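Working notes, beginning with the structure itself.
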Amino acid sequence: MTILVRSAVIGVGSGLRSTAGLVALGWTARGAGPARPVASLVGTGAFLGECVVDKQPSVPPRTGVPQVLGRIGAGAVTAAALARRGSGPVVVASAVGALAAYGGSVAGMRWRRRAADALGGDDLPGALAEDLAALALALTAVIGTGGARPPHRGWYPGGRPAGRYAPSRE
């Protein structure tokens, strides 16, 4: 799967649940030191909190301006992080993730409405399916990307030595 396809997939997941991409990146991060477990725990809590709040009838629709902008931003940020992890084009991936998040947000709302209509007005099964779909999409996008990219420490990505780390010719 190319980095731009992964960016679209994580964008759709972020459009369904804005924290899905963040939690998937957190769960698969490597080399973040002692902060990683804390970040994963906070991300998981945010995702679960969003899943609970989403089921409340008082929550405004996700296609309202502030809500959709948050989802678009989440899609852009997570796609950029994913591109950086995979040495891809960060700006293009961010744009793809933002557009996919918007599409995922609108499509998810329409699908959930149709699912509720088909189930006699019961919204909960569709909402739970949407939670699982968001997480599955985000995890599908990040698995196999190798975790966080370590710093190069003087080496080019192609393996050629640079600067003071270059072997001497003596």
- Message: Among 72-79, 58-65, 134-141, how do they line up by average Cβ neighbours within 10 Å per residue, starting with the highest?
- Response: 72-79, 134-141, 58-65
- What nm value, rounded to one decimal, do you get for the distance between Val42 and Val92 when each label is placed 7 Å out toward the C-beta? 3.3 nm
- Message: Calculate the FRET efficiency for Thr2 and Leu132 from the Cβ-Cβ distance with a Förster distance of 35 Å, rounded to the nearest 0.05.
- Response: 0.90
- Assign one of three labels to region 1-110, namely rounded, prolate or oblate, based on the Cα gyration tensor with a ≥ b ≥ c the square roots of its eigenvalues; rounded applies when a/c is under 1.5, prolate when it is not and a/b is larger than b/c, and oblate otherwise. oblate
- Item | Karplus 3J(HN,Hα) series, Hz, for region 47-60 with 6.51 cos²θ - 1.76 cosθ + 1.60 (x for Gly, Pro) | 5, 5, x, 5, 5, 5, 5, 4, 7, 6, x, 7, 6, x
- Message: Could you tell me the calculated FRET efficiency between Val65 and Arg30, based on Cβ-Cβ distance and R0 = 35 angstrom, to the nearest 0.05?
- Response: 0.45
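Here, each number is a calculation from the coordinates, and none is a lab measurement. Because the structure is predicted, anything quoted here is derived from the model rather than measured. Note that each Cβ is placed from the backbone with ideal geometry, even for glycine, and that neighbours are counted across all protein chains shown.
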